[in-house]
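Take a look at the structure below.
The values are calculated or read from the model by the stated rules, or taken from the named source; none is laboratory data. Being a predicted model, the structure only gives us computed values, none of them experimental. Heads up, the Cβs are rebuilt from the backbone with ideal geometry, glycines too, and the neighbour counts pull from every protein chain shown. Ligands, DNA and RNA are stripped out before the accessible areas are found, and what is left, the full protein with its side chains, is counted by its heavy atoms. Shrake-Rupley method; radii C 1.70, N 1.55, O 1.52, S 1.80 Å.
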Amino acid sequence: MSHHLFLLSPSDTPLYSLTHYSTKPAPSVTSPLASNLPTWSTSAFAGTLTALSGASSATQHTTGGAVRMGGGQDRHVIQMIANASLDVIEDIMRKENTMYLKSVDKFNEWTVSAFITAGNMKFILLHEGKNDDGIRAFFVDVWELYVKTMLNPFHTAHTPIRSAVFDGRVRASAKKYL
Amino acid sequence: MAPLPSSLSPHICILLSPDLSELLESSSLPPLPHILQSFSPLPQVTTRTTSLASVPHTSFALRFSDLSEIEHACQEDEEQRAVRTIDWISARINKRCVKWIQDLEKVGEKDALRTPWWDELRRCAEGDHIPSRTEGWNHPIAVILAVSTAAPNPLQAITALHARPLQFPSWVDSNVMRYTLIIHPQHSSLSDEEAAALFNAVKKQFGLHSYLLNLRLPTPPPPPVPVPALLPRLPSPPMPESSTMNGSDGLSNTPNRPGTPTSPNVLNTVRMEEGDIQQTSRFTREFVVMSLIPWMEKCVLDWNENFSSTRRLPSRLFSSTRRLFGSPASSPAPTHNSSSSVSSLPGRPMQTTGGNVSGPSPPSQQRRLAEFATILGDLKLAVSVWEALRKEGKGGSDILPLLLTPSPALQLHASAALMNINPLASDILPHAQLRLLLCAVRWEAGISSRDFLSSVMEGDRWLVWAAGNAEEAPSALLLAQAALLSSRRHARRRAALWYVSAANRLEKCGIKPLTMYFLRRAQDLYKVRPPKSLSPSFWESEGKSPQDTEGFDGITSGIEHPLGKSFKILSLMILNMAYAGRLLYTTGDIEEAVHLFLSLLRGSSRILFSQTEEGAGGDGETGIQSNDKVFLDDFRVALGHFQATEPEKASVSNLKLPFKFCLQHQTRVRFSDDNIDAQSDEWSVREQTWKTFWKSRGGTETFAKSVKASTGELFWVDMALRNPLDTEVNLANVTLVVQESNATDSSAETFVEVEVIQDVVLAAYESRIIPISLTATHAGVITITHVKYDFLSLFHSTELLAARGHRLHDTAAQRQKPTYAPDVLMKVEINEAKHKLQAQFIDVRSSIIVEGEDKRMKLWLSNAGSLYVQEAWIVAGPEVELWVGTEDWESRSSSTNSVLSSSNSLVPPEPFRLPVTNDVGTPGLNSGESTEVPLVLHDDRIGEQQLRLLVVYRENNTAPFYCARLSLGYEVHPLLSISLTAEPSQLMEYPYTLELGLVNLSSAAVELKQIVTLSPLWKCTAAQNDWSVVIHTLHSISGLQSSRTVFFASRWFEGSGYTETVDFVSEKLSSILHGKEITQTYPPPINLYCSSITQDSSVSKSVTAPTTHYFLHNGRRKFVSATTARIQPYIPAASYPLIFPLYTPASLDATIFWDIPSQQRSGHTNIFGLTLGAGHAALDSIIENAESAKVKRSMYAETRRENMEVLEAIRGSEWNKEMDPIVVSSHQPDETLHDFSTGSCQVPVSFTLRNYSVTRTVQFTMKLKGGSSSVRNRNSISPPYSGRLTFRGSIPPSESIAIESKLWITRPGTYTLGEWLLETEVEDDSRIASVPPKRRRYLQESRPTDNASIIVCDPRIS
């Protein structure tokens, strides 16, 4: 199970990105219900079914060179998905006022959750499974770490975050929650 | 509501008699289904609902097809047909997409909702008219049996047609309406009356569903009339057994067969005349309005009865209990099983099965009811029936979105429909794929685009869901359409993602042109920055402009590289094609590929992309790999191919690198003056030295603006290059573009020669500075505008060398909005060489000199300018010992020992005026004349040294000065290690014994020529003034050998200046301690006694000779400055001359002159730092004063600490030395013989007390403590002094006194002469009258290690 985190500036410049491979056992209890799900389980029905069965899509692992759209770990595909999800995120931002946007978008097996800070920073997380509370806690952690980074007077909204401390703590938080 | 998609229209099959087909063929007409299809859709048709409300249809679509074709197609396996269909669609699209794209690009409209490929896909999908097992739309509703009156027996033909059973498989709905059509051509053998009779007979026999169609069908066919295009249809499978069937009805060779893409661009035409068209149209209308619709309405009414009876409460309750108890859906429901449709073929077993379960059963009556109601526009009924079907899981969710008003529920319907079709996860069967496609197509066509795109429906996502994972052309096109719709919804980023995935799939299908087109679209969409609702002050506070934000870096390369690659594949394909000579392509694509690859190389602006890898999850990428190398290789191949195939195009193609190699801000112009160490700030120190000096002489002339570059002289541009790529690149023919400044466009290449550097290889991310030399042949101002090189040796590229100007802060507007001065270009002013004095060292044979060597060199001065040079000065640093001019070492007086008067000043030497005379001896240098000045350089600092001299010159007495720089690097090797030690002498005549030790560190033999000692107080002599011993020992030291010699020092009383010097220093230091300003006075002059020890006095050097004096003076000055800087770090070096004198009065310096004959070197080595004589804490009083003075409190602990450190430094300095000035030495006969039989004996002993103070008279008390006669140790006996044991007295400075005493010896033995105690008292000469002089007392005791002893022997015993 992998997670991809992107921190985007208000102008959508990526400032930080993290790929996290979770050791948590991917909920592989493939109930017959879940195994019947199509891979393009983006439909709302499939989503509710997934929620019911607590299963993630079982077809996330493609082997070999056949780069299936979204199936491979291609960096640019992941980036494109994160980028494409911005369309929806911006729509929702206009309408709603919440910081945590839960599962705003889905692309193939990737579900996109987002977190919008008051300063218009966007944290985008691509995940495969469903882990609402964990993701929310993770976002709040990252937010706090980001605010601490922003306290640096030389840090602007466009400065890429290269701090090893930030990186380490985000990883630790990812390990804890994701 | 949008009109229903055409695939949801009644399907009517036509069975023709053979005579009719012949008739149509003979009149050059297409088959009858095609003719009739041309009249669909019918305008203005009105239907009635079950509640008898009329529904007007503005257009009512019909589908006509040949019965036998449909019958035949039904036999084919569905999966097989689906595979064939997908391939057929792909082939159609592949064949035509090049043209489409060309057309589209011609039109230039990019945001059209319709794209040709989507239309094509839609038409292909909707053109499918083969009945399906899962839905009833394609099942024929009516069969038209058509004959012509040209048949030999029309009535019999009609009967034969009616007798023919429908050869459909069992699952095709057999509830069809039969209709008879008689075509009566004008040239028929039957007359009109006969035809009418036939018609009546037919009506009587086969019912009212019949029609007589009178056609003229003239023999030369009339001009063709355009009719709507037919939907493409899948061609029949090339099955061997089918050929017979096809052959029988003659369909396989009809000219205008739909679905054959032979002439896609030819308009579909029918060669019928106007009257016939009218007739046929009337027939079609009558067929629909009078027969088809009433018949369908009747079916709907009947079936609705059945349906609504099942909807009544008991059955609903029952069915819901059935659902609750989970009995399988296939069990027949008791009431609504509905004996299917009207059973024209009785006896068939009827089953009600789920719509999506394929089985040999026709579609359920309920489903047919829903379909019919949908076709007839009875939406209320249709929706309720579809809902009922959906709830029972029998389909319907795919149609409901078309009928209902937009609501979020429709999304659920859509997704449920798609999931029903394809419940399996990964692999989509071709058949399911087609159904998904058909669903998507129907939605797209049947829902008005405004609703479809609304945020409630999000129709673009439906298409993506329908595309699924299938990697076939149809699903790729679905994605593309989704992308198009998304982009219309202004979700550009999502659209781009879908375009890219569509392109990915198309690439696998091999449809390259569309792949490229989609990638381009994606690229365009990514380029568009979505507008941000951010405050303008956000950008202001960030100091950035909204334009220069950067997105994900991986995305564009992710798009562009495949895009480029497909170009490459194309180009390779083209290459192969060209070999085969089969296809002609333009190679414009390669050019674009080259441009694309180039644009991919955009250097690094990477952000931190990190990832965690835990446990087994670490099979991902191991780091961020830069693709630069891949891109560069692709580019190289593509460009190489481009240049090979189209050299003329390649040469003109305007390739521009998207990144820069040159770092403009670090690129500099360098001139010959500053080629060695331009950065060294010593030059400005020299200039300052000169300015100070010249000012002190009252001169007002300043330096003229220096001329940097003059004609004919080389200067350089140090290009700072940095490789931004993560791979090695090479640049060939690197050179500069220069322009003459005042002439804007004229290139300066005519008079400026620029070096061309053949090849520069830069490793990944390497930075390097590359000097490029330039020479100008005449004066002018040139601008260096560009750097020019061949990237990868493949194509020319230039880079602008302008650096951005500095940020302006002058006005408020400038401060608020970053404004920059105009770009700065490198400008070089090249002047005629008017004032140019070239200075150069000549005669420098090697850059290695040995320590202390007097290196003789020549300075060559040449007037390279056009004007006269009258005077020239040389400015050297304070640490340089440089004698300019002819040497003069020799003695003028005959005596070896002489007295030298020294200024005693630490002032560094002033700039030296060079003796500038030309060859003939007249002063000054005319243009082109040159002169040589001899120089002697002396250096005793070991290691690498750099000599920097500033030559200052001018034309005449009033002209400003110009300067030339002169630099010489050399290395100093060590030669001699010299030690000079002094200790109080045992000899009465000389207070000190000096020991000189020499170690030759080099391998060459060193010949010592002369030893010179200099001191204000001491003179050196050999014992008995016999120097020969000394000279002999010093004569020559072989390599790596050592030598030592001894001589003596004694006071020189004629000297003067001792007390003055000490007073001067203590006064100055006192003012330092009190923080007063130091007065601008220099130390008083001092006389030095110079002793010279030489082998051959005729060649000896004299300290009074100017050169010798210069070197001795400056050597001492360097030494004192360095020592002072070390000891007194708080006193600035510039004020040393005002505080410290050159010579400490008690110092003794030695200088050794030597030769190395084997290397023709000579030189001198100095030994400094020896001070003789006792000091008396000369600074004690001022230190005390300072300590006792009222302490100025400072709030800074550092200041206090610093003050204390200054005080300590002064207290510990050599001026404040203090010691016991008296040294005791004893004199006694070594051995005394005495016959102790005669009694004890008296042995006289004398002690010499020498006062080493040079200024003070010393009081002393000496006590002899002997007499205890105890044996101190085994070997010696303590001295039994007798007589006077205490002596008192005083010794004047530098004097000695002898004390006589006696030993009373009673037995033979060895008696030591220790056991004395000496008290010394020195009186300070206080300068402050009020304070009583201070006395210093010292106590000295004989040391047990003193082994002065006396041996008394008894001759009798010995």
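Which percent of Cα pairs goes in each bin when the distances of segment B:872-948 are cut into 5 angstrom slices starting at zero?
3, 10, 16, 17, 18, 16, 11, 7, 2, 1
Report ³J(HN,Hα) in whole Hz for each residue of segment A:95-111, in order, from the Karplus equation J = 6.51 cos²θ - 1.76 cosθ + 1.60 where θ = phi - 60°; Gly and Pro get x.
These are the phi-based 3J(HN,Hα) values: 8, 10, 10, 7, 8, 8, 9, 7, 6, 6, 8, 9, 10, 6, 8, 8, 9 Hz.
HN-Hα J couplings of segment B:990-999 from phi, Karplus 6.51/-1.76/1.60, θ = phi - 60°, integer Hz, Gly and Pro as x?
Karplus values, whole Hz, x for Gly and Pro: 10, x, 10, 10, 10, 10, 10, x, 10, 10.
Give the lysines whose C-alpha is closer than 16 Å to that of B:Lys512, dropping any in the same chain fewer than 8 places away, or say none.
B:Lys95, B:Lys99, B:Lys565, B:Lys568
For the pairing of chain B with chain A, what total accessible surface becomes buried, with a 1.4 angstrom probe, in square angstrom to the nearest 100? Display every interim value, and only then the final one.
On the way: alone 64570 and 9790 Å², together 69250 Å².
Between B and A, the summed buried area is about 5100 Å².
Restrict the search to segment B:1086-1144; then list the trypsin sites (Lys or Arg not before Pro) that DSSP places in a loop and that have at most 15 other Cβ atoms within 10 Å of their Cβ. Spell out each step's value before the answer.
Numbers: sites: B:Lys1101, B:Arg1116, B:Arg1117, B:Lys1118, B:Arg1126; in loops: none.
When the trypsin sites (Lys or Arg not before Pro) of segment B:1086-1144 are filtered for loop state and at most 15 Cβ neighbours within 10 Å, nothing remains.
Shielding by partners for B:496-504, please: the mean number of other protein chain Cβ atoms within 10 Å of each residue's Cβ. List each step's numbers first, then the result.
Numbers: counts 4, 12, 4, 0, 5, 7, 1, 0, 4.
Counting Cβ atoms of other protein chains within 10 Å of each residue's Cβ and averaging gives 4.
How large is log10 of I(q)/I(0) for segment B:393-451 at q = 0.15 Å⁻¹ when the intensity is taken from the Debye formula with one equal scatterer per alpha-carbon?
-0.43
Show the residues, 5+ positions off or on another chain, whose built amide H is closer than 5 Å to the amide H of B:Asp940.
Placed amide hydrogens put B:Gly852 under 5 Å from B:Asp940.
Filter the trypsin sites (Lys or Arg not before Pro) in segment B:1171-1223 down to the DSSP loop ones having no more than 11 other Cβ atoms within 10 Å, then list what survives.
Numbers: sites: B:Lys1190, B:Lys1192, B:Arg1193, B:Arg1200, B:Arg1201, B:Arg1211, B:Lys1217; in loops: B:Lys1190, B:Lys1192, B:Arg1193, B:Lys1217.
Those that pass, being in a loop and sparsely packed, are B:Lys1190, B:Lys1192, B:Arg1193.
On average, how many beta carbons from a partner chain sit within 10 Å of the beta carbon of a residue in B:408-421? Mind showing how you got there, number by number?
Working: counts 1, 0, 0, 3, 4, 0, 2, 9, 4, 1, 5, 9, 0, 1.
So the per-residue partner count for this stretch is 3.
Taking the alpha-carbon distance from B:Lys544 and a cut-off under 21 Å, which lysines remain once sequence neighbours fewer than 8 residues away in the same chain are dropped?
A:Lys122, B:Lys527, B:Lys532, B:Lys817
Quick one: if you stick a label point 7 Å off each Cα along the C-beta vector at B:Lys95 and B:Leu987, how many nm between them?
Placing both labels 7 Å beyond Cα along the Cβ direction yields 12.8 nm.
Under a cut-off of 19 Å between alpha-carbon atoms, report the lysines in cross-link reach of B:Lys1068, not counting same-chain residues fewer than 8 places apart.
By straight Cα distance, B:Lys1068 reaches B:Lys1076, B:Lys1217.
Where the centroid of each part is defined by its Cα atoms, how far is segment B:430-505 from segment B:1210-1224 in Å?
103
Going by average Cβ density within 10 Å per residue, which order do the peptides B:1159-1172, B:376-389, A:88-101 take, highest to lowest? Present the calculation step by step, with values, prior to reporting the outcome.
Details: B:1159-1172: 18.7, B:376-389: 21.5, A:88-101: 14.7.
By packing density, highest mean first, the sequence is B:376-389, B:1159-1172, A:88-101.
Keeping all protein chains in place and using 1.4 angstrom, which order do A:His20, A:His155 fall into by accessible surface area, from largest down?
Details: A:His20 5, A:His155 25 Å².
Correct descending sequence by accessible area is A:His155, A:His20.
Quick query: amide H of B:Leu181 versus all other amide H atoms, modeled in the peptide plane; which residues come in under 5 Å with a sequence gap of 5 or more or a different chain?
B:Leu145, B:Ala146, B:Val147, B:Tyr211
Given a Förster distance of 51 angstrom, what is the FRET efficiency for B:Arg845 paired with B:Ile1078, based on the Cβ-Cβ distance and rounded to 0.05? Spell out each step's value before the answer.
Numbers: r = 46 Å, r/R0 = 0.90.
E between B:Arg845 and B:Ile1078, to the nearest 0.05, is 0.65.
Quick check: with the 1.4 Å probe, what order do B:Tyr1130, B:Tyr1082 take by accessible area, largest first? Mind dumping the intermediate values first?
Details: B:Tyr1130 95, B:Tyr1082 120 Å².
The most accessible residue leads, giving B:Tyr1082, B:Tyr1130.
Please list the non-local residues whose amide H lies under 5 Å from the amide H of B:Ser1002, H modeled 1.01 Å from N, same-chain partners needing a gap of 5 or more.
For B:Ser1002, the qualifying residues are B:Leu1040.
Show me, for segment B:761-769, the HN-Hα J-couplings you get by feeding each phi into the Karplus relation (A = 6.51, B = -1.76, C = 1.60, θ = phi - 60°), rounded to Hz, glycine and proline as x.
Values per residue, Gly and Pro as x: 10, 10, 6, 4, 6, 7, 10, 8, 10 Hz.
Round to the nearest 10 and report in Å² the accessible area of B:Tyr1143, as given by a 1.4 Å probe over the protein chains' heavy atoms.
10
Rounded to the nearest Å, what's the spacing between the alpha carbon centres of segment A:118-178 and segment B:1059-1100? Just the number, please.
Cα centres, segment A:118-178 to segment B:1059-1100: 74 Å.
I'd like the Kirkwood hydrodynamic radius of segment B:1-110, using the inverse of the mean 1/r over distinct C-alpha pairs, in Å.
Values: mean 1/r = 0.0556 Å⁻¹.
For segment B:1-110, the Kirkwood estimate is 18.0 Å.
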